[in-house]
1. When only C-alpha pairs under 8 Å and at least 6 residues apart count, what is the relative contact order of the chain, in percent?
2. What is the calculated FRET efficiency for R90 to A44, with r their C-beta to C-beta distance and R₀ = 30 Å, to the nearest 0.05?
3. Under 12 Å from a point 7 Å along the Cα-to-Cβ line of T51: which residues of segment 107-148 have their amide N that close?
4. Rank P14, T110, A73 by how far each Cα sits towards the positive end of the charge dipole of segment 13-148 (+1 on Lys, Arg Cβ; -1 on Asp, Glu Cβ) and give me just the farthest.
5. Tell me the net charge near P16. Cut-off is 15 Å between Cβ atoms, P16 excluded, with +1 for each Lys or Arg and -1 for each Asp or Glu.
6. With charges set only on the Cβ (+1 for Lys and Arg, -1 for Asp and Glu), what does the dipole of segment 22-83 come to about its Cα centre, in debye to the nearest 20?
7. Let me see the pair-distance distribution of the chain: every alpha carbon pair, 5 Å bin width, integer percents in order.
8. Quick check: the distance between the Cα centres of segment 111-148 and segment 46-71, to the nearest angstrom?
Amino acid sequence: MPVNPELLGRTFPPAPPYLVGREKVREFSRAVFATNPINLDVDAARAAGHTDLVAPPTFAIVVQEITLAQLLAEADSGIDFTRVVHGDQRFTTTRAIVAGDELTAQLAVTSVKTLGGHSMVTAESTITDAAGEHVVTAISTLVVRGDE
């Protein structure tokens, strides 16, 4: 089944809040080889003017993944995850994510294209803090490979 073109414009309910933990920030920082002390040491982060550990900019993908799971679970999407390749990832940041943030993300499908036998689905996850203020928008393009 091809990707459903009617996904375009679909908005999903906000995902459950995600509490950013210190150890999650440290784990992610080590995984992406972030060596800035503000990512690993609370005292260094506070000395730099932050309230707690600062997550690397790509940490937003952890929160976005929750919303992408909503998209992939849609019965009428036509997206076969076994045929998905991650085509592009971008972030538009208002402020850094820090440990202690409670973040909520909401996904909207902004583009559905067919190229040859393949499909490309672009989804934007708008991530806000507990006060409802914008923190980051994570934009992913998924390539769904067509039949061989």
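1. On the way: 308 pairs, mean separation 44.2, N = 148.
With pairs under 8 Å counted, the relative contact order is 30 percent.
2. Numbers: r = 28 Å, r/R0 = 0.93.
According to the calculation, E is roughly 0.60.
3. Inside the label zone: 129-133.
4. Of the listed residues, the answer is T110.
5. Details: positive: none; negative: E65, D101, E102, D129.
Combined, the nearby Lys, Arg, Asp and Glu give -4.
6. Details: 6 positive and 9 negative charges, 53 e Å.
Using Cβ point charges on Lys, Arg, Asp and Glu, segment 22-83 gives about 260 debye.
7. 2, 10, 19, 19, 16, 12, 10, 7, 4, 2, 0, 0
8. When both Cα centres are located, 17 Å separates them.
The values are calculated or read from the model by the stated rules, or taken from the named source; none is laboratory data. Keep in mind the model is a prediction, meaning the values are calculated, not measured. Neighbour counts are summed over all protein chains in view; Cβ atoms, including those assigned to glycine, are modelled from backbone coordinates with ideal geometry. With ligands, DNA and RNA removed, areas are computed over all heavy atoms of the protein, side chains included. Shrake-Rupley method; radii C 1.70, N 1.55, O 1.52, S 1.80 Å.
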